[in-house]
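Following: one structure in structure tokens, then a few remarks.
What follows is calculated from the coordinates using simple rules that are stated; it is not laboratory data. Small disclaimer: the values here were computed from a predicted structure and weren't measured.
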Amino acid sequence: MSLASYIGCNIEISINDDDYSDDSFYIGSCFADKHDLLNVKKYQFTTPYVYEVSSHWGIKISEYTTPEICAESKKKLIELCKIMDSYLEKGDFFELYSCWVGEEAEEREGEITLQMNNFDIDQIEIPEKTLVIFEK
């Protein structure tokens with residue numbers, strides 16, 4: 001199985017999965033199919049536009065994650081916030097949800113809200129099946 005991360009937002013954003021490389025972070029398909037995207041939209045998000053964010057593995061920051069995956073996830077999250085900052089206006093938000101592919105319709109285990117440009121990356125925890133709302 002693969003850990004996928006999804007974002008939901010109220011605006012369309014550019015998909016850049018044509019620029020894929022093993023170490024790049026991009027917005028576009030990797031593990032999920034159309035059915036997975038529909039399920040995460042229906043069961044987890046409140047927004048009309050849903051995208052997979054990819055780079056070979058989803059974003060998971062937890063005490064149960066290896067230090068390597070945790071560090072990589074923090075780097076991905078910072079990059080994601082930079083990308084979304086260029087799309088969103090003050091007062092907008094985007095949602096982030098990570099789960100194992102096929103578990104998009106399952107009950108979420110948590111929900112947190114963070115200010116997109118005002119959180120300490122070393123003080124947050126984002127386990128799988130947690131909806132994170134990033135407000136700008």
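How high is the relative contact order of region 3-135, in percent, counting Cα pairs under 8 Å that sit 6 or more residues apart? Could the numbers behind the result be given before it?
Working: 239 pairs, mean separation 41.0, N = 133.
Averaging sequence separation for qualifying contacts and normalising by length gives 31 percent for region 3-135.
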Review point. With θ set to phi - 60° and the Karplus curve 6.51 cos²θ - 1.76 cosθ + 1.60, what are the ³J(HN,Hα) couplings of region 77-90 in order, to the nearest whole Hz, using x for Gly and Pro?
Key: 5, 4, 5, 4, 5, 5, 4, 5, 4, 6, 9, 8, 9, 4
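Among rounded, prolate and oblate, which fits region 3-135 when a ≥ b ≥ c are the square roots of the eigenvalues of its C-alpha gyration tensor, a/c under 1.5 means rounded, and a/b larger than b/c means prolate?
Verdict is rounded for region 3-135.
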Revision key, fill the gap. In the chain the DSSP beta bridges are antiparallel at a rate, in percent to nearest 5, of 75
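Helix-only mean residue ellipticity at 222 nm, the chain, DSSP H runs n ≥ 4 weighted -39,500 (n - 2.57), per residue, nearest 500. What is it?
Mean residue ellipticity at 222 nm (helix-derived): -7500 deg cm²/dmol.
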